[in-house]
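Novice: Please see the structure below; I have some questions.
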Amino acid sequence: MATKTALYTTIRTEGALLPADLLQRISEGATLDGLTPESYHHPGEKLNEAINRAWNALQGVWASFRAAQERLPESDLGTSVTRERWLLPLFRELDYGRLQSAPAYEIEGRTYPISHTWEQVPIHLVSYKVDLDTRTRGVAGAATASPHSLVQVFLNRSDGNLWGFLSNGYKLRILRDNVTLTRQAYVEFDLEALMEGEVYSDFVLLWLLCHQSRVEGAKPSECWLEKWMKVAEDQGTRALDQLRDGVEAAITALGLGFLEHPANATLRDN
């Protein structure tokens, strides 16, 4: 089930990948490792200063992207405009530098035409005219499967890739290798609503979650996104244990109440 909290008007979390309560803790910077300037490779600088600088730069980039859309011929799919005028600058402000085009990934005879990569992280960038959940004939990276399905299946089948990003310029998703094939799991940012509505508070979380430092590590399993996901899993397990204890105590109290009631002599005798 998709969850959109009242705190975030342009962000939703699907499945249990990074639940809303964890997103709130990250945004607030409270009681969670990995939220120091040093961990984001910004020593000596407050994170809010780095985020604000990126925000100011991207407002101009977004305006340029929208203007380029208006000049785009109807016959032009808009892939280059989406990438060059918006998404590549966005990832640059997230400290990825200039994203590199991805190699032709192939697993067991199947090719995965993912557009870009950063180390072990697939980053699939498609046109703003391409729906992330729909197969689009004749469009590279969306022709044989929807862009979302393409990246998700690649992550599921690849041994060396754990987290990935997907965007068409209007929506940006964080995906992970997902063993539950029947249920989607991702965090999605509505970039259009975020930029048009100037929702700076949601951009703060985008920067904190999607920054280059969140997916780096000697092994994909050692990156900050993975560590944070484990924190959420542990919290969920503890919550279930506490709930189970509470239910058991309530049943016990209820049973004792029935047994001790004066009108239930027959029940006590049995």
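Here, each number is a calculation from the coordinates, and none is a lab measurement. Owing to the predicted nature of the structure, the values given are computational and were not obtained by experimental measurement. Please note: Cβ atoms are built from the backbone with ideal geometry, for glycine as well, and neighbour counts cover all protein chains shown.
Novice: Which order do Leu17, Leu205 fall in if you start with the one that has the fewest other Cβ atoms within 10 Å?
Specialist: Leu17, Leu205
Novice: Give me the net charge of Gln120's neighbourhood, meaning all other residues with Cβ under 15 Å from the Cβ of Gln120; Lys, Arg count +1, Asp, Glu -1.
Specialist: Result for the neighbourhood of Gln120: -2.
Novice: For the stretch 2-218, report the translational diffusion coefficient in µm²/s to the nearest whole number, using Stokes-Einstein at 20 °C, 1.002 mPa s, and a Kirkwood Rh over Cα pairs.
Specialist: 120 µm²/s
Novice: Still on this model: Hey, which lysines would be in cross-link range of Lys171, C-alpha to C-alpha under 26 Å, not counting anything within fewer than 8 residues on its own chain?
Specialist: The qualifying lysines are Lys4, Lys129, Lys227, Lys230.
Novice: Tabulate in residue order the Karplus-calculated ³J(HN,Hα) for the stretch 217-224, using 6.51 cos²θ - 1.76 cosθ + 1.60 with θ = phi - 60°, rounded to whole Hz; enter x for Gly and Pro.
Specialist: Whole-Hz 3J(HN,Hα) from phi for the stretch 217-224: x, 4, 10, x, 6, 9, 6, 5.
Novice: Taking neighbour counts of Cβ atoms within 10 Å as a proxy for exposure, in what order, fewest first, do Arg157, Arg137, Arg173 appear?
Specialist: Ordered by Cβ neighbours within 10 Å, fewest first: Arg137, Arg157, Arg173.
Novice: Can you tally the net charge around His41? Count Lys and Arg as +1, Asp and Glu as -1, for every other residue whose Cβ sits under 13 Å from the Cβ of His41.
Specialist: Here the count lands on -3.
Novice: Could I ask something else about it? Take every DSSP beta bridge whose two residues both sit in the stretch 109-185, then give the antiparallel share in percent to the nearest 5.
Specialist: Antiparallel bridges make up about 75 percent of those DSSP assigns within the stretch 109-185.
Novice: Just want the ordering: Ser201, Ser158, from fewest to most Cβ atoms lying within 10 Å of their own Cβ.
Specialist: Ser201, Ser158
Novice: Another question about this same structure. One quarter of the convex hull surface, Cα atoms only: what value does that give for the stretch 129-178 in nm²?
Specialist: 3.4 nm²
Novice: Net charge around Leu155, counting only other residues with Cβ within less than 14 Å of its Cβ (Lys, Arg = +1; Asp, Glu = -1)?
Specialist: With Lys, Arg at +1 and Asp, Glu at -1, the neighbours total +1.
Novice: Per-residue HN-Hα couplings for the stretch 93-103, Karplus 6.51 cos²θ - 1.76 cosθ + 1.60 at θ = phi - 60°, whole Hz, x for Gly and Pro?
Specialist: Result, rounded to whole Hz: 6, 8, 6, 8, x, 7, 4, 9, 4, 7, x.
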